[in-house]
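Shown next, in structure tokens, is the structure this report addresses.
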Amino acid sequence: MSASPTSLSSRRDAGLDSLRGLMLLAMGVNHIASLLQVLTDHPLGYTSSAEGFVFISGLVAGLVYTRRRRRLGVAAANRASLLRAATIYRYHLALFVGLLSWTLLFFAVRGAPAGNTPAVMLAHPGKVLLAGVFLVNQPPLLDILPMYAGFMLLLPLVLTALDAGRRRSLLALSLSVWALTNLAWPQTSYRHGVIQIGAFNETAWQLMFIAGVVCGHATAAGTEVLSRRLKSWLAVPSFALCVYAFLVRHWYVHAPFPGFADWVNKNNLAPFRLLNTLALFLLVHLAFARWPAAFSWRPLALLGRHSLTVFCTHVVVAYALYAFPDYVSTTPARTWIGTGIMIGALLSVAFVRERFRNLEAVREASGSAGEAAATVKSPVTPRRPLGRQQGIFPREEV
């Protein structure tokens, strides 16, 4: 039976893709000068698009790779996870080398550094390149992918623990590492010379990713992390907490105490920020379960299906806009130009990527039909590459 040459989007959960696409769109808007930030930059309290992106990435990874472990075996699924981490690293390295080259070229041509490019790249380009290869130099916007690659390397161990029924122990360990990080690690990024770590402390943010993996694994296994009764009990206090966080975040209510900023710090995913995020995610989960169609929007789902490519595109566009602020950020009207360029670029890249994937699917379907016809005529079955045959090189963006 030949495969239908339909869009690959039918194989993915449009709701999850839409949510991840929304996070990507919000990040793109937040990282440039835009009036839309009133809707995208912490609009509901002390939860940003970064928390949503990391959690949903963990959820999709837990869901997809749990199914692969059961369908293809543990070794094949683990290999796919490691290959995914390598792909993320290659994308990050391409971005890093591109940014370094852009910084040096722009300075050589214009005699002044481009906006928001790190000064250390001009001062020590060779050392910066070496540090970037080893992921210890992370310029602005280039700090999420190294963390994401590390989490994908960790994924096989996490799924092994979950398959062994050690969910509580895993979450306890993850929560303990998060707590120790908040107790012992400064709430600022480490910067010394060319060693410049980004805005996300991996030992704290691993909790967000692992929580997503746990939910994804439970979904694939047909179980629940929290019982329906417990979720019902938690709904009202979660809503009250989110309302309070919204009021404090937007200055309708004063902060409860002077040092409250330390409790909502983003670098270490501080306690109140974490609590606010988990409460908001619970409410979104309940709404998603009740009205799934409301969370599905095709343009956002398109972005979510191509998350890695779209994320890298937003970094490139943001740095390009930083270099020419007079055209895209000096007046409200010009900020709309920059916003339009960002959104248009993200959607265009995702659309082109989708078309290429659909064409690849058509070619594979035609090839499978030809192989099937040849098999009827000959008792010898044509051999196919092992990786593609077993789905080791997945097309999905997880």
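The values are calculated or read from the model by the stated rules, or taken from the named source; none is laboratory data. Just so it is clear, the structure is predicted and the values come from calculations on it, not from any experiment. In this analysis, Cβ positions are derived from the backbone assuming ideal geometry, glycine residues included, and neighbour counts consider all displayed protein chains.
When you check residue 55 against the structure, is it assigned to a helix (DSSP H, G or I), modelled with pLDDT of 95 or more, touching a strand residue (DSSP E or B) at 6+ places or on another chain (Cβ under 9 Å) and not small (Gly, Ala, Ser), yes or no? No; evaluated as a whole, the condition is false for this residue.
Number of residues in region 169-214 that are of a type in the set (Gly, Ala, Ser) and surrounded by fewer than 20 Cβ atoms within 10 Å (Cβ to Cβ): the value is 8. Of a type in the set (Lys, Arg), exposed (fewer than 15 other Cβ atoms within 10 Å of the Cβ) and closer than 16 Å to residue 211 by Cβ: does that describe residue 166? Answer is yes for this residue. Within region 274-302, if we keep just the residues that are aromatic (Phe, Trp, Tyr) and either touching a residue at least 12 places away in the same chain (Cβ under 8 Å) or touching a Gly at 6+ places or on another chain (Cβ under 9 Å) (or both), the residue that is farthest from residue 261 (Cα to Cα) turns out to be 297.
Show the residue pairs meeting these rules: Cβ distance below 7 Å; 6+ apart or different chains; first residue within region 94-114 and without any contact (Cβ under 8 Å) to a residue 60 or more places away in the chain; second residue surrounded by 13 or more Cβ atoms within 10 Å (Cβ to Cβ) and not in a helix (DSSP H, G or I). Listed by first residue and then by second, the contacts come to 96/142; 103/113; 103/114; 103/117; 107/113. Kindly indicate the residue of region 327-344 that is of a type in the set (A, V, I, L, M) and closer than 14 Å to residue 31 by Cα and also surrounded by the fewest Cβ atoms within 10 Å (Cβ to Cβ) among those meeting that condition. Result: 341. Output yes when any residue across region 237-258 is closer than 14 Å to residue 279 by Cβ, aromatic (Phe, Trp, Tyr) and out of contact with any Gly (no Cβ under 6 Å at 6 or more places or on another chain), and no when none is. The answer is yes; a qualifying residue exists. Restricting attention to region 168-184, which residues are more than 16 Å from residue 264 (Cα to Cα) and in contact (Cβ under 8 Å) with a residue 24 or more places away in the chain? Answer for region 168-184, where residues must be more than 16 Å from residue 264 (Cα to Cα) and in contact (Cβ under 8 Å) with a residue 24 or more places away in the chain: 170, 171, 174, 175, 177.
Counting residues in region 123-134 that are free of Cβ contacts under 8 Å to residues at least 60 places away in the same chain, of a type in the set (Phe, Trp, Tyr) and either loosely packed, with under 15 Cβ neighbours inside 10 Å or in a helix (DSSP H, G or I) (or both) gives one or more. Can you confirm whether residue 69 is touching an Asp or Glu at 6+ places or on another chain (Cβ under 8 Å) and basic (Lys, Arg)? Against the criterion (touching an Asp or Glu at 6+ places or on another chain (Cβ under 8 Å) and basic (Lys, Arg)), residue 69 qualifies. Considering each residue of region 310-326 in turn, at least one proves to be in a helix (DSSP H, G or I) and without any contact (Cβ under 8 Å) to a residue 12 or more places away in the chain.
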